[in-house]
Every structure is written in structure tokens, then in C-alpha cells.
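Trainee: If you scroll down you'll find the structure; I have some questions about it.
The values are calculated or read from the model by the stated rules, or taken from the named source; none is laboratory data. Keep in mind it's a predicted model, so treat the numbers as computed, not measured. Note: ideal-geometry Cβ built from the backbone for every residue, glycine included; neighbour counts use all protein chains shown. Accessible surface is based on the protein model in full, side chains and every heavy atom, while ligands, DNA and RNA are left aside. Shrake-Rupley method; radii C 1.70, N 1.55, O 1.52, S 1.80 Å.
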Amino acid sequence: MYYGSRAARLLQSLVEAYSPTFMERDAARLLVEEAWRLGYSQAYLDDAGNARLLVEPMERVEEPPRIALVSHIDTVPGWVEPASPPCVVRGRGAVDAKAPLAAMVAAASLYRPRRAVVEVVAAVGEEGPSHGAWHLLKTGWRADAVIIGEPTNTTKVAIGYRGGARLRVHCLGEPGHASSSWLYRSACSLVVEAYQAVEELSEATARGYTYTVTAMSCGSGGNVVADEATLVVDLRIPPGGSLEEALEKLGRRLPEGCWAEKPGSWLPPVAVRPGSPAARALMRGLLAEGYRAQPVLKAGTSDMNILYRVAGSIAAYGPGRSELSHTRHEEVTLAELDLAVRVYINAIRWLEDTLAKTRRSAG
């Protein structure tokens, strides 16, 4: 059966609702209203603003297992004009991550679980502080299996994400009159050296550390040699790595007079076994549609880095080319959406059967 048009209609509505981080409310309300039309058992916004959509089991079950499909409804800032040429949906968030979200909503509305609760969560804030996912964690939200909706080029399954932190590198120079600049050590010169050191540290692989300078400042613009300068560095930490090791690597390369400030918080990396239930369900879901899934480690971070604490059975999958994320060229095809809906349905079915067998064995 073909589901591309069903998911595309919802996706078109979602990309027309501009929803950068902290401005998701209109899009989330739209999703709740659509969920009622699609026959969901419950649909509401929680205290953080997450849209929560539930399908109850057809059979009466005491404490039914819970299968969660979690994507995010916020986008990075920047309006991209929505468009729908033949067989394509374009617009901000069309890839990251409203396409996975639309496919999840369609899939859960089409699949009627017999003995499990299926919940779709459209989380807020994933492109920022992930306050939607943290709210779930802090309020005791639980699931037996979690599928994260992120673009994985439609035929891949993400079994891990790097961790991340935002670092500040400070450099102190010696102030003096700009007319005799050769007598003093400029913090601007120091921060340029620091910039080069940071860039040289990055490893061009998702299995390595990446240090990316995202902002630089020095001096006041007057006739004084700059005595202070700062770099803002986006740090990515691979599975098996740590913040301490990343800081140690950076500290060894920085010029004298510069140091990295330890961040108050950071997001650890996450990786699960390809044979864990959620990952296996997605791979089997793809195999049922004629695709041999490739397990991958993603270079960025996602709400999977947070929600793995809720369920060790977790993996990510979604339609869309991930290289188009955050660009002015975000688009997804109806064929990608159709495949994703069918894969999600297959995965939910397999997880429901597996969780039921596990409970019977435990009983």
C-alpha cells in the first residue's frame, strides 16, 4: 500500500508552520489537532510544549508495554519557502526532522496495536537545549523501546551519536598603545594561533573528536592592543571518548596565554548494539521492504543522547538525506516518506510481538 501522499500532506502543513526552537507552539498545536482527526486515543501538549499522541491497545491489558516514536518539531532558525513540486516537499525542517515526524504520525495512526501502547512524541528544543527531552526524563517518562525520528538517508539505522559540548577558549595578551604594537603581545594574534590549533585537532570522521570554531572575538576596536580574546568551539565527542580527554587534547595544542574553560554541562555520546531490539526492529523493517539496512554512527547529537537513559532499546531512523539538514535546500521525496511509513509500521509490529514474548517468558 502507498502512504507517501498521506505523510506528505501532514509534512506540508508542518513546514508551513515556522517553528524554530522556543517558537514551536503553533506547529505543535497543529499536530495535536491532526492527531484527533487521524483517530489517536489521546493528543495533548505537555508542560514543556511537547506534542504527545497516543494510540491505546485494542485489547484490555494490565500495564501494556510502551513503544515510543520520538522526533522533534523545532527547526534551526531561517525561513525556507515551502514548496510542493511533483513528488517532493520542500521547506525548513522538511528533512530535519519534520519528515521523520510526519512519517511516524502516519505510521502510528495506521497501525492498530493489540496489546501495546504506541506513543508519538514531537519534542521541542532538540536544536537547542533539548528541554523537551529533558522534561520527559525528569518527569519519569518511560518506554520499553524508543525509535528516534532523525534523517538517516531512508535506508540506514543510526545506532549511535557523538556527544557534544560548547567550549570557550580564552586568550590573554598584553595591552598597550596601538602605535607601538610591536612592544606588546596582542590577544588577537594569540586567538588566531588558537584558532589554527583548534582546526588542526579535528578528525574528519564520526568516530573521532571534532572541534569547530563557531565564533571569534578580540579587542575593542580602539587604539589599544587587544588584551583579551575568545573563541567559541563546538565540540563533538565520539562513543568511548570523554570531555576530559577532549580538553586534554585541546590544552596540549593551545599557545601559551590561552586556555579552554570547562563547560558547566555536556552531552555524553551514546551507542547501542546493532542487535538491540529497537535497532533490530528497524533493520527488519527495512529488510521486509527489500532493503538491507546499514547501521551507522551519526556525527551529530540528538535526543537519543538523552533518552537512552529511559530505554536501552533505542535506535534512530528516518527519511531524508541528512546532508540537506539545516541548509536552504531541505527537501524530501514522497517515495522516501512512503518507505519510512512502511518501515515504522513494520518496526512497531515486530517490537509489539517481541515485547509480548519477552513478558510471557518473564511471567
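Trainee: Would you kindly calculate the translational diffusion coefficient of segment 226-363, applying Stokes-Einstein with the Kirkwood radius from alpha carbon pairs, for 37 °C and a viscosity of 0.692 mPa s, and quote it in µm² s⁻¹ without decimals? Show your work: numbers first, answer last.
Mentor: Working: Rh = 18.5 Å.
So the translational diffusion coefficient is about 178 µm²/s.
Trainee: Percent of alpha carbon pairs in segment 305-344 separated by more than 12 Å? Walk me through the intermediate numbers first.
Mentor: Working: 518 of 780 pairs.
Distances greater than 12 Å cover 66 percent of the Cα pairs.
Trainee: Rg and Dmax of segment 1-107 over Cα atoms: what are they, in angstrom?
Mentor: 14.5, 48
Trainee: Using modelled amide H (1.01 Å from N, peptide plane; none on Pro or chain starts), what sits under 5 Å from the amide H of residue 75, excluding residues fewer than 5 places away?
Mentor: Answer set, sorted by chain and number: 19, 21.
Trainee: Once amide H atoms are built 1.01 Å from N in the peptide plane, which residues 5 or more positions from residue 114, or in another chain, come under 5 Å H to H?
Mentor: Placed amide hydrogens put 58 under 5 Å from residue 114.
Trainee: Looking at segment 1-124, send over the antiparallel percent of its DSSP beta bridges, to the nearest 5. Before the final figure, lay out each step's value.
Mentor: Values: 10 of 18 bridges.
Expressed as a percentage, antiparallel bridges in segment 1-124 total about 55.
Trainee: Using a 4.7 Å cut-off between beta carbons, which cysteines in the chain end up with no partner cysteine at all?
Mentor: 87
Trainee: Sticking with this structure for a sec: Ordering 29, 66 by accessible area with a probe of 1.4 Å, largest first, what comes out? Can you show the working numbers first?
Mentor: Details: 29 115, 66 65 Å².
Largest accessible area first, the residues go 29, 66.
Trainee: Express in Å², to the nearest 10, the accessible area of residue 2 obtained by rolling a 1.4 Å probe over the protein heavy atoms while all chains stay in place.
Mentor: Estimated to the nearest 10 Å², residue 2 gives 120 Å².
Trainee: Where does the chain land at 222 nm, in deg cm²/dmol rounded to the nearest 500, when only DSSP H runs of n ≥ 4 count, each adding -39500 (n - 2.57), divided by all residues?
Mentor: On the way: 9 runs with 117 residues, N = 363.
After summing the helix terms and dividing by residue count, I get -10000 deg cm²/dmol.
Trainee: Quick one: accessible surface of residue 44, probe radius 1.4 Å, all protein chains present, in square angstrom to the nearest 10.
Mentor: For residue 44, solvent-accessible area is about 80 Å².
Trainee: Looking only at Cα atoms, what is the convex hull volume of segment 44-184 per residue, in Å³?
Mentor: Numbers: hull volume 31.3 nm³, N = 141.
With only Cα atoms used, segment 44-184 gives 222 Å³ per residue.
Trainee: Tell me, what is the 1.4 Å probe accessible area of residue 357, in Å² to the nearest 10?
Mentor: My reading of the accessible area for residue 357 is about 120 Å².
Trainee: Please compute P(r) over all alpha-carbon pairs of segment 292-363, binned at 5 Å starting from zero, and give each bin as a whole-number percent.
Mentor: Histogram of Cα-Cα distances, whole percents per bin: 3, 11, 16, 20, 22, 14, 8, 3, 2, 1, 0.
Trainee: Can you compute 3J(HN,Hα) from phi for each residue in segment 331-343, using the Karplus curve 6.51 cos²θ - 1.76 cosθ + 1.60 with θ = phi - 60°, rounded to whole Hz and x for Gly and Pro?
Mentor: Computed from phi, the couplings for segment 331-343 are 7, 9, 8, 5, 5, 5, 5, 4, 4, 4, 4, 5, 5 Hz.
Trainee: Find out how many positive minus negative residues lie around residue 323, taking Lys and Arg as positive, Asp and Glu as negative, among other residues whose Cβ is under 11 Å from that of residue 323. Mind dumping the intermediate values first?
Mentor: On the way: positive: 321; negative: 96, 330.
The answer is -1.
Trainee: Provide, in order from the shortest bin, the percent of all Cα-Cα pairs of segment 139-218 in each 5 Å bin, continuing until the bin that contains the maximum pair distance.
Mentor: Per 5 Å bin, starting at zero, the Cα-Cα P(r) for segment 139-218 comes out as 3, 10, 14, 13, 12, 10, 9, 8, 7, 4, 4, 3, 2, 0 percent.
Trainee: Mind jotting down the distance between the C-alpha centroids of segment 194-225 and segment 152-172, whole Å?
Mentor: 17
Trainee: While we're here: Which percent of Cα pairs goes in each bin when the distances of segment 1-43 are cut into 10 angstrom slices starting at zero?
Mentor: Final binned percentages: 26, 49, 23, 2.
Trainee: Quick one: pull the percent of accessible area on the chain belonging to carbon and sulfur, 1.4 Å probe, ligands and nucleic acids left out. Write down the numbers at each step before the final one.
Mentor: Working: 7920 of 16180 Å².
Answer for the chain: carbon and sulfur cover 49 percent of the accessible area.
Trainee: List the trypsin sites (Lys or Arg not before Pro) in segment 278-343 that DSSP assigns to loop (not H, G, I, E or B) and whose Cβ has at most 13 other Cβ atoms within 10 Å. Which are they?
Mentor: Values: sites: 280, 284, 292, 298, 309, 321, 328, 342; in loops: 292, 309, 321, 328.
For trypsin sites (Lys or Arg not before Pro) across segment 278-343 that sit outside H, G, I, E and B with at most 13 neighbouring Cβ atoms in 10 Å, the list reads 292, 309, 328.
Trainee: What do you reckon, how do 87, 188 stack up by accessible area (1.4 Å probe), largest on top? Intermediate values should be presented prior to the final figure.
Mentor: Values: 87 90, 188 40 Å².
Order by accessible area, largest first: 87, 188.
Trainee: Could you give the spread of the C-alpha atoms of the chain along their three principal axes, from largest to smallest, in whole angstroms?
Mentor: 82, 47, 39
Trainee: Rounded to a whole number of µm²/s, how large is the Stokes-Einstein D of segment 111-169 at 20 °C and 1.002 mPa s, given Rh as the Kirkwood radius over C-alpha pairs?
Mentor: So the translational diffusion coefficient is about 148 µm²/s.
Trainee: Let me ask you something else. What does the convex hull of the Cα atoms of segment 174-269 come to per residue, in Å³, rounded to a whole number? Don't jump to the answer; show the numbers that get you there.
Mentor: Details: hull volume 9.2 nm³, N = 96.
Each residue corresponds to 96 Å³ of Cα convex hull volume.
Trainee: Then there's this: Relative to the longest principal axis of the chain, what angle (0 to 90°, nearest 10) does the C-alpha long axis of helix 98-110 take?
Mentor: 20
Trainee: In whole Hz, what ³J(HN,Hα) sequence does segment 47-56 give by Karplus (6.51, -1.76, 1.60; θ = phi - 60°), x for Gly and Pro?
Mentor: Using θ = phi - 60°, the values come out as 5, 8, x, 5, 8, 10, 10, 10, 10, 7 Hz.
Trainee: Which longest uninterrupted range of the chain lacks any GluC sites (Glu not before Pro) assigned by DSSP to a loop state (not H, G, I, E or B) and surrounded by at most 11 other Cβ atoms within 10 Å? Could the numbers behind the result be given before it?
Mentor: Working: sites that count: 59, 62, 256.
No qualifying site falls inside 63-255, the longest such stretch.
Trainee: Something else now. Using the Karplus equation 6.51 cos²θ - 1.76 cosθ + 1.60 (θ = phi - 60°), what ³J(HN,Hα) coupling, rounded to whole Hz, does each residue of segment 298-312 give in order, writing x for Gly and Pro?
Mentor: Karplus-based 3J(HN,Hα) across segment 298-312 equals 7, 6, x, 10, 8, 5, 4, 4, 9, 7, 4, 5, 7, 9, x Hz.
Trainee: Summing +1 for each Lys or Arg and -1 for each Asp or Glu, what net charge is found among the other residues whose Cβ lies under 15 Å from the Cβ of residue 245? Don't jump to the answer; show the numbers that get you there.
Mentor: On the way: positive: 162, 207, 236, 249, 252, 253, 262; negative: 203, 244, 248.
With Lys, Arg at +1 and Asp, Glu at -1, the neighbours total +4.
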